[in-house]
Amino acid sequence: MRNIKLTLAYDGSEYAGWQVQPNGVSVQSCVEAAIEKLTQQKTGVLVAGRTDAGVHALGQVASFQTESKIPCKNIQTGLQRFLPDSICVREVAEVAPDFHATYSAVQKRYRYVIHNSSVNFPFLKRYVCEFGRPLDAEQMHVGGQHLLGKHDFRCFESHFPNKATSVRTVKELTVQRTSVWPVWGADPGLSQSTSNSSAEFLTVDIVADGFLYNMVRAIVGTLFEVGVGRWTPEKVREIVESMDRSQAGATAPASGLYLVQVDYGD
C-alpha cells in the first residue's frame, strides 16, 4: 500500500468548504471522485486543514493510500484531468506510511487579503475582503503582536468548544500594506511610484501550530477595530485574557482567507 501526498491550490468561492457537506459540493468530494476515477479504487482523503466555505488555498496538503502503481508524475496529470479548473494539483509525492496530512503537520500559514479602498474592484470580490474605511496597518500590526506565543484562544473560536483544547501557539503575525499587482493598473509604473502608505491592499499573515474554527477570521475582525481606531492595540491583549468571544471583533468574510502553506518539519 502506497501513501500519496498531494499539494493542492483551489478557488473556494463555489465550494461548501473542504469537507463533504450535505448542502453543496465540497473540495474533498471532487478530489476523492478524481482519485477513484484515476485509480479505480474508492479511498478517503486526509487533509491538513478543513477550510470553510469560500476560503481559498495556495498550499493545502492532503494524503491518501492506494494500491495503484501509477507514478507520481502521472497521478498529478491524471487527477488534473478529472478535476474542475478551480482545483489544481501542484505537486504529488510518495511519502512514508506513517505520514498523516493532519497529524504530521507542525505549523500552518494563513494569509488574509484586504482591499482597503472606497472603490471596489468587481473582479476581486471573491478573492479579497473589501473594506472601505481607512485602516492603520501599523497599529493593526502592533495589536497583532499581543497574540504571539502560547495562549488559550477561545476568544477567537466560533461555537466553543470545538476541540479538546483551545490552546495554540502563534509564531508569527504580520500586517503590512502592499501595492496592487501592476497588471491591474493603467499606469505601467504604478507599483514603482506608489508609496507604501497609499497602497490599497493589506495582508495579515499568521503562522501557528494549529488553528481553531474561524480563528483567523475572528482575529482579523478584531484587528479591523484597531485599524479604524475604535480600539487600541493593547485591547487585543485584554481580549485574549478575557477568553470571551463576545469581547472580540466580528468574524471577517471568508473571501479574503487563504491557506498558504503547511509545514511538516523533517
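The values are calculated or read from the model by the stated rules, or taken from the named source; none is laboratory data. Keep in mind that what you see is a predicted model, and the values were worked out from it rather than measured. Positions of Cβ are generated from backbone atoms using ideal geometry, with glycine treated the same way; all protein chains shown enter the neighbour counts. For the accessible areas, the whole protein counts, side chains as well, though only heavy atoms, and no ligand, DNA or RNA atoms are used. Shrake-Rupley method; radii C 1.70, N 1.55, O 1.52, S 1.80 Å.
Quick look at the values:
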quantity: Within region 152-186, considering residues that are at pLDDT 95 or above and of a type in the set (A, V, I, L, M), the one surrounded by the fewest Cβ atoms within 10 Å (Cβ to Cβ); calculated: VAL167
quantity: Failed criterion for ALA93 (all others in (1) assigned to a strand (DSSP E or B); (2) under 21 Å from the mean Cα position of the chain (by Cα) hold); calculated: (2)
quantity: Answer from GLY229, GLY221, GLY189 - the residue that is open to solvent by less than 40 Å² (accessible area, probe 1.4 Å) and at pLDDT 95 or above; calculated: GLY221
quantity: Every pair of residues 6+ apart whose Cβ atoms lie under 6 Å, when the first sits in region 227-238 and is at negative phi and part of a helix (DSSP H, G or I) while the second is open to solvent by less than 80 Å² (accessible area, probe 1.4 Å) and at pLDDT 95 or above; calculated: GLY227/LEU135; GLY227/ASP136; GLY227/MET140; VAL236/GLY143; VAL236/HIS146; ARG237/HIS146
quantity: Output for region 1-59, where each listed residue is open to solvent by 10 Å² or more (accessible area, probe 1.4 Å), assigned to a helix (DSSP H, G or I) and farther than 22 Å from LYS69 by Cα; calculated: SER13, GLU14, GLN28, SER29
